[in-house]
Every structure is written in C-alpha cells, then in structure tokens.
Amino acid sequence: DVKVTQSSRYLVKRTGEKVFLECVQDMDHENMFWYRQDPGLGLRLIYFSYDVKMKEKGDIPEGYSVSREKKERFSLILESASTNQTSMYLCASSPNRGRLEDEQYFGPGTRLTVT
Amino acid sequence: DAKTTQPPSMDCAEGRAANLPCNHSTISGNEYVYWYRQIHSQGPQYIIHGLKNNETNEMASLIITEDRKSSTLILPHATLRDTAVYYCILYIQGGKLIFGQGTELSVKP
C-alpha cells in the first residue's frame with residue numbers, strides 16, 4: 001500500500017515563527033502536493049512538484065514556500081507564520097510525472113494552530 | 001473555473017445503495033469527473049473517475065449523463081464505514097483538482 005506520512009498530526013506555533021511541515025511518501029511517486037483545508041472552503045492547492053527541485057504554484061501560494069530535495073520528501077515552509085494560516089494541511093502524492101490527473105494518495109494531515 | 005454542485009448532506013440506510021448526485025453544467029470536453037471521500041480525521045481517499053462512459057470499480061460506480069452536465073456516484077451496499085464527506089471534482093487542464101464543499105453522507109443502521 002502507498003503510504004504518505006506527515007511529520008506531525010498537531011502543531012502549535014506562535015505568530016512570526018518559521019514553520020516546517022514535512023511529508024514523505026514511500027512508493028517512488030513523481031508528483032507531490034500540498035493542500036490546506038478550511039471549513040466552508042474545501043481543499044485548496046498551495047504548491048505541487050513533479051520532480052526533484054521542481055515546484056509549481058497552486059491557487060494560494062502566498063505566504064508559503066516549498067522544498068523538494070529528494071524524490072520522497074516534500075516540505076512546506078511558512079516563512080513567518082500568521083494566524084490566518086491556522087488550518088489543516090494535507091500532503092498528497094501521485095505516481096506519474098506530470099500526469100496530475102492520476103489518483104492522489106493523501107497523508108493524514110497536520111492540524112496547525114498559529115497563536 | 002469549472003465548478004461542481006453537490007447537496008450538503010444525505011442519509012442512507014445500511015445495506016442500501018447510496019446515490020450521490022453532482023451537477024457540473026459548465027464542464028468542458030476534456031475535463032474528467034473525479035470522486036474522493038474523506039472520513040473524519042483522515043486525508044481524502046480516491047474512489048473513481050471518468051470522462052464520458054460509466055465506470056465501475058471495487059468501491060463504487062460512476063454514472064455520467066450523456067450531456068456530461070451531471071453525474072452520480074453509487075455505493076451499491078453502503079456500510080457504516082462509508083460515512084464520510086464525498087467530493088465530486090473536475091480535473092481542470094493544467095493539473096489542479098479543485099475540491100468543493102462535498103456531500104456529508106451519513107449511513108445509519
């Protein structure tokens with residue numbers, strides 16, 4: 001089975017802190033994604049990557065950056081956390097490079113609270 | 001952006017078929033219809049997708065109308081573990097799956 005793991009299930013950070021959310025997948029997938037999920041807004045795509053060191057902006061990239069130094073790992077970085085970044089963050093992966101319509105496998109999510 | 005409309009909630013009796021509707025009247029010819037579900041406190045899970053033809057897999061069936069303006073996800077024998085939020089999503093060229101509000105399905109004994 002494909003497994004996508006995220007470094008924390010719950011995280012509490014202070015305003016202005018730099019926050020790293022880590023995601024690892026173990027099935028050699030080419031594509032990886034970061035979403036955030038908020039009540040009433042559904043899932044919104046922040047960034048995605050279809051190759052090591054490659055990244056593409058999603059719908060709401062402002063305030064975030066990403067890093068993909070290894071194929072299996074995709075990190076989401078909040079350079080200076082703000083309260084409006086309090087949310088559930090979901091990582092996903094899919095197998096074939098650039099075929100973004102493929103089935104996506106999601107991790108369990110990280111619930112981030114910024115105080 | 002193309003958009004889907006789903007009822008916010010539905011109930012279904014355990015063991016009966018659950019039929020979840022989705023309207024996508026502005027769908028364009030090369031857009032796929034995807035269904036995912038999200039069980040409480042878990043990440044979304046892929047169910048099925050289709051373009052024009054009806055599709056079936058071990059989890060569900062997808063019926064797409066001939067004009068492609070609507071579709072129905074069918075869970076043939078719903079169980080309590082099928083209680084979840086079900087998302088009908090259009091794959092938009094350029095690679096973004098846009099998740100809307102979804103339908104909260106409650107399967108009751």
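Some values worked out for this structure:
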{"read-out": "Accessible area of the stretch A:41-105 belonging to carbon and sulfur atoms, whole % at 1.4 Å probe", "value": "47"}
{"read-out": "GNM flexibility winner over chain A from A:76, A:43, A:90 (Cα, springs under 10 Å)", "value": "A:43"}
{"read-out": "Most mobile of A:16, A:42, A:98 in a GNM of chain A (Cα contacts under 10 Å)", "value": "A:42"}
{"read-out": "Longest DSSP-loop-exposure-free segment, GluC sites (Glu not before Pro), chain B, at most 11 other Cβ within 10 Å", "value": "B:1-57"}
{"read-out": "Positive minus negative residues near residue B:24 (Lys, Arg vs Asp, Glu; Cβ under 10 Å)", "value": "+2"}
{"read-out": "Shielding by partners - mean other protein chain Cβ count within 10 Å, residues of A:40-52", "value": "3"}
{"read-out": "Span from the the stretch B:49-73 Cα centroid across to the the stretch A:88-112 one, whole angstrom", "value": "23"}
{"read-out": "Gaussian network model of chain B, springs between alpha carbon atoms under 10 Å - residue of B:25, B:71, B:61 with greatest fluctuation", "value": "B:25"}
{"read-out": "Simple spin-label estimate for residue A:62 and residue A:15 in nanometres, 7 Å along Cα-Cβ", "value": "1.8"}
{"read-out": "Neighbour net charge for residue B:68 - beta-carbon separation under 15 angstrom, K R +1, D E -1", "value": "-1"}
{"read-out": "Karplus (6.51, -1.76, 1.60) ³J(HN,Hα), θ = phi - 60°, over the stretch B:23-32, in Hz, Gly and Pro reported as x", "value": "9, 9, 5, 9, 4, 9, x, 9, 9, 8"}
{"read-out": "For the protein assembly as shown, accessible area per residue (1.4 Å probe, heavy atoms of protein chains only), Å²", "value": "50"}
{"read-out": "Shape of the stretch A:1-112, Cα gyration tensor, a/c cut at 1.5", "value": "prolate"}
{"read-out": "Considering only chain B, percent of DSSP beta bridges that pair antiparallel, nearest 5", "value": "85"}
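The values are calculated or read from the model by the stated rules, or taken from the named source; none is laboratory data. Predicted, not measured: the structure shown is a model, and the values here were computed from it. Every residue, glycine among them, receives a Cβ derived from its backbone with ideal geometry; neighbour counts consider all protein chains shown. SASA here: full protein model, heavy atoms, side chains in, ligands and nucleic acids out. Shrake-Rupley method; radii C 1.70, N 1.55, O 1.52, S 1.80 Å.
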